[in-house]
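Since every read-out is calculated from the coordinates, none of them should be taken as a lab result. Note that the structure is a prediction, hence the values are computed from the model and not measured. Note that we place each Cβ from the backbone using ideal geometry, even for glycine, and neighbour counts take in every protein chain shown.
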Ligand code: NAX
C-alpha cells in the first residue's frame, strides 16, 4: 500500500473547488495512489465546505485516504506534498487594481509563510487564484526555505484552450496537437504560440496556413476565453479550470509527454532563470518538460518578431505587477 499523497486545496468551497476535489481523489491526479485532502477556507465558508465533505464521503472513493478542513493555514498545510492555491479575492465593485493586489497579497503572504513553516520537504505549489502569476510570486518570496522551483502559476487552462482552438480550426482531434506554448502572464496579454506548436508532424502555423487568423482570431479568442465564458454562462470557468489544475499538477509530479510523444511539452508559469530574456525571478509562462517532479524550460526555440513583441509586452505587465506588490511591501 503506497502512502497517501497529501494534497491541500485552498478556496475548496468555491466553484473551482467543487469541480476539482472529486476528480483529485478519483484517480485523475495520482491514479491508484491514495490521496488525503487538506481543505482550507475562510471561516464563513466552512459550513458550506462541510457539505462538500459530506458529498466526498458519499462517493465512497476507494482512493480517498481522509479529509481535513479548517481555516488555519498552518494546520491545514501540515506535511502536504502538493498545495493547490485556488482561493483568492475576486475584484469587487469599485476595487482598483492596487486594492486587488493588496487583498490578495495578504492571502498569499500568509499562505507562503505557512507553507514555508509546515509543508513537506518535497512540496509542490500550484497557484490558480488570480492574479495567478503575481500571487505565486508573493507566496514564493514569503517562503524562503522552499526552493523557488516548487512554485508555479496556472497557464494550463490557456494552453488547453489554445489546443482546442487549433484542433477545431484544422479539423483534427486535440490529440494531434502538441508542443503548445503559452508565454507570459495569465491575463489578456498572454501569448499563445503557434509557431512552435505542431499539428501531427507539421508546424501548427503552417497547418493553419492563415497568419491573419492567428493574429486576429486565435490569439484574442484564447486570451479572452475567460470573459466569453462569463458572458455565456453567467459565471467564470470552473470545470475547465479545475481540469487544467489537475492536468498541470499531474504532469508536474509524474512527467510530461505521452507514449510515442515523449518529448512533448506543456505551459507552466515558473520562476524565470533568465530564459528568453524574461527577468530572473519573475513567474512567467514558458514551454516546460517535467520529469520526476521537476520542470525544465525548453531552451533554444527561435522567436520570430511577432512572438518576441508579444512576449515582451506580457512580461512588461508582469514587471509592473511585481513592482506594484514590491511597493506595497508584499515581497
Ligand atoms: P469562488 O469565488 O467560487 O471561490 C473562491 C473561494 O476561495 C471562496 O470559497 C472563498 O471563500 C475562498 N477564499 C477566499 N479567501 C481565502 C483564503 N484566504 N483562504 C482560503 N480560501 C479563501 O472562485 P472560483 O471560481 O473557484 O475561482 C477561484 C480563483 O481562480 C479566482 O481567483 C479566479 O479568478 C481564478 N481562476 C483562475 C484561472 C486560471 O486559469 N489561472 C481560471 C479560472 C479562474 O478564473
### Task
Considering only DSSP beta bridges where both residues belong to the range 5-153, give the percentage that are antiparallel (nearest 5).
0 percent
### Message
Quick check: Cα centre of the range 105-176 to Cα centre of the range 206-225, how many Å?
### Response
25 Å
#### Entry: Residue order, fewest to most beta carbons within 10 Å, for 109, 181
109, 181
### Summary
Rounded to the nearest 5, the percent of antiparallel DSSP beta bridges in the chain equals 50 percent
### Task
Quickly estimate the mean residue ellipticity at 222 nm for the chain, helices only: each DSSP H run with n ≥ 4 gives -39500 (n - 2.57), and the total goes over all residues, rounded to 500.
-12500 deg cm²/dmol
### Message
If I build a Gaussian network model for the chain, linking alpha-carbon pairs within less than 10 angstrom, which residue out of 306, 101, 194 has the largest mean-square fluctuation?
### Response
306
### Task
Compare 56, 82, 318 in a GNM of the chain, Cα atoms joined below 10 Å, and give the one with the largest fluctuation.
56
### Task
Once you have the Cα-Cα distance between residue 68 and residue 23, take 0.36 nm times their residue separation minus that, and quote the gain in nm to one decimal.
14.5 nm
### Query
Any idea how far apart residue 215 and residue 59 come out in nm if each label point goes 7 Å out from Cα toward Cβ?
4.6 nm
### Task
Report, in degrees rounded to the nearest 10, the 0 to 90 angle that the Cα long axis of helix 15-24 makes with the longest principal axis of the chain.
80 degrees
### Task
Would you mind giving the three semi-axes, in whole Å and largest first, of the ellipsoid equivalent to the range 172-331 according to its Cα gyration tensor?
24, 20, 19
### Message
Rounded to whole Å, give me the distance from the Cα center of the range 25-100 to that of the range 260-290.
### Response
27 Å
#### Entry: All Cα pairs of the chain, percent lying beyond 26 Å
45 percent
### Query
How long is the range 1-145 along each principal axis, judged by its Cα atoms, biggest number first, in Å?
48, 34, 23
### Task
At 7 Å along the Cα-to-beta-carbon direction for both residue 95 and residue 121, put a label point, then send me their distance in nm to one decimal.
3.9 nm
### Query
Label-point separation (nm) for residue 309 and residue 110, each offset 7 Å from Cα along Cα-to-Cβ?
4.5 nm
### Query
Where does helix 156-170 land angle-wise versus the long Cα axis of the chain, in degrees 0 to 90, nearest 10?
40 degrees
### Task
Send over the semi-axes of the range 269-331's equivalent ellipsoid, whole angstrom and largest first, taken as the square roots of 5 times the C-alpha gyration tensor eigenvalues.
22, 18, 7
### Task
Sort the following peptides by mean Cβ neighbour count (other Cβ atoms within 10 Å, averaged over residues), highest first: 184-192, 60-68, 17-25, 141-149.
184-192, 17-25, 141-149, 60-68
### Task
Estimate the FRET efficiency between residue 170 and residue 316 by the formula 1/(1 + (r/R0)^6), using the beta-carbon distance for r and 30 Å for R0, to the nearest 0.05.
0.40
### Message
Rounded to two decimal places and with Rh computed the Kirkwood way over Cα pairs, what is Rg over Rh for the range 158-213?
### Response
0.95
### Task
Quick one: divide the alpha-carbon radius of gyration of the range 125-255 by 2.2 N^0.38 Å and tell me what you get.
1.11
#### Entry: Alpha carbon convex hull of the range 47-108, projected area averaged over orientations, nm²
5.9 nm²
## Note on the structure
With Cα coordinates, the longest principal axis of the chain makes an angle with the long axis of helix 305-327, in degrees rounded to 10, of 30 degrees
### Residues 284, 307, sorted so that the one with the fewest Cβ neighbours within 10 Å comes first
307, 284
